[in-house]
1. Using 7 Å Cα-to-Cβ label points, what is the Val14/Trp98 separation (nm, one decimal)?
2. Determine the gain in length on full extension of the stretch Val47-Val125; use 0.36 nm per residue of separation and subtract their C-alpha separation, reporting nm with one decimal.
3. Could you work out the relative contact order of the range 86-132? I mean the mean sequence separation of Cα pairs under 8 Å and 6+ apart, divided by the number of residues, in percent.
4. Which percent of Cα pairs goes in each bin when the distances of the range 1-67 are cut into 5 angstrom slices starting at zero?
5. Can you check how the C-alpha radius of gyration of the range 86-132 compares to 2.2 N^0.38 Å, as a plain ratio?
6. Skipping prolines and chain starts, which residues have an amide H placed within reach, meaning under 5 Å, of the one on Ser29, given they are 5 or more residues away or on another chain?
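Laboratory data are not the source of any read-out in this text; all were calculated from the coordinates shown. These numbers were taken from a predicted model, which means no experiment stands behind them. Neighbour counts are summed over all protein chains in view; Cβ atoms, including those assigned to glycine, are modelled from backbone coordinates with ideal geometry.
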Amino acid sequence: MRAASLVPIGLIVVGLALVALAVADGGASLALVVVLPVLYGRSLEFVAGVLLFVAGLFALPLAFGPVAPVEAEPEEDASPSSGGSGGLVLIGPVPILWGSWKGVSPRTRVLLAVVGGAILAAAVVLLLVRAA
């Protein structure tokens with residue numbers, strides 16, 4: 001892994017750590033709107049954390065790009081490409097897949113649902129602990 005690949009990941013981790021610190025210090029609050037956790041605050045830690053997190057998300061595609069430019073080869077056969085595009089949205093613990101991601105295995109769908117449920121449960125627990 002290139003050193004430049006670690007920059008976006010570092011930005012995301014530091015951003016999340018600053019947001020968590022702001023919540024712990026009382027500079028930000030956590031609310032649960034329907035089933036979505038919402039963070040809001042005015043402290044400098046919170047704003048810096050959100051900005052670093054968003055910068056890390058925007059820089060993330062650069063982390064996994066090719067190391068060297070790849071030369072394009074002329075197409076000789078008319079076979080369909082193996083690539084595709086798709087996406088994932090977690091609404092609570094329910095994974096919604098579209099595009100070429102629709103064909104994932106049932107095991108992967110269950111794993112996505114478990115991860116979504118764990119995230120939702122963690123948000124609810126944090127909200128209840130914060131309210132107490």
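1. Between Val14 and Trp98, the label points sit 3.5 nm apart.
2. Length difference between fully extended and current span is 25.7 nm.
3. 36 percent
4. Result, from short to long distances: 4, 20, 21, 18, 15, 11, 7, 4, 1 percent.
5. Dividing the Cα Rg of the range 86-132 by 2.2 N^0.38 Å gives 1.39.
6. The answer is Tyr40, Gly41.
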